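Take this structure first; my questions come after.
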Amino acid sequence: MTIEIHVDEPFQSAVSSDQLETAIAAALAFENVQGDVTLIVGDDDVIADLNLRFLGNPGPTDVLSFPAQADDGAFVQAPNTNPYLGDIVIAYPYTAAQAAQHDRNIVDELNLLAVHGTLHLLGYDHAEPEGKAVMWARQDAILAGMQAE
């Protein structure tokens, strides 16, 4: 399993790549999934561009996930390799403001978004109330498990 973390230069002193890797690994372990993931921490402009281009939503958001596997089964995985699960992009300024607004620690907020993004890569969604309840319960359990360690 490979988890690649890239933090844009302005945020490197504020973000722990190791902590984000731990959060993604915890989510994958909780879901009993092996796979490769890339996470990028960037600025609001980058995520606003992605949000508009791929989802049609103007402006920044906290996290976006881009699953690599289509549900149509057209992609054939090479034998004896981990599947590439996809990419997660977090907007650091947006996330920092969101954490402050909710009186949460920025590290906790980043962990939450790394787990949340990973669950999206695995097919979880929160557009409908039932899916949201399932996704939030799994998210909470993963984060609680991280704090217990």
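Bear in mind that the values in this text are calculations on the coordinates, not laboratory data. Because the structure is a prediction, the values reported are computed rather than measured. Cβ placement follows ideal geometry from the backbone for every residue including glycine, while neighbour counts extend to all protein chains displayed.
Sum up the charges of everything whose Cβ sits under 13 Å from the Cβ of F30, counting Lys and Arg as +1 and Asp and Glu as -1, but leave F30 out.
Local net charge: -2.
Over the chain, with a single point scatterer placed on each C-alpha, what log10 of the ratio I(q)/I(0) does the Debye formula yield at q = 0.13, 0.20 1/Å?
-0.58, -1.39
Here is a follow-up. In percent, what relative contact order does region 10-149 have, based on Cα pairs under 8 Å that are 6 or more apart in sequence?
Answer for region 10-149 is 28 percent.
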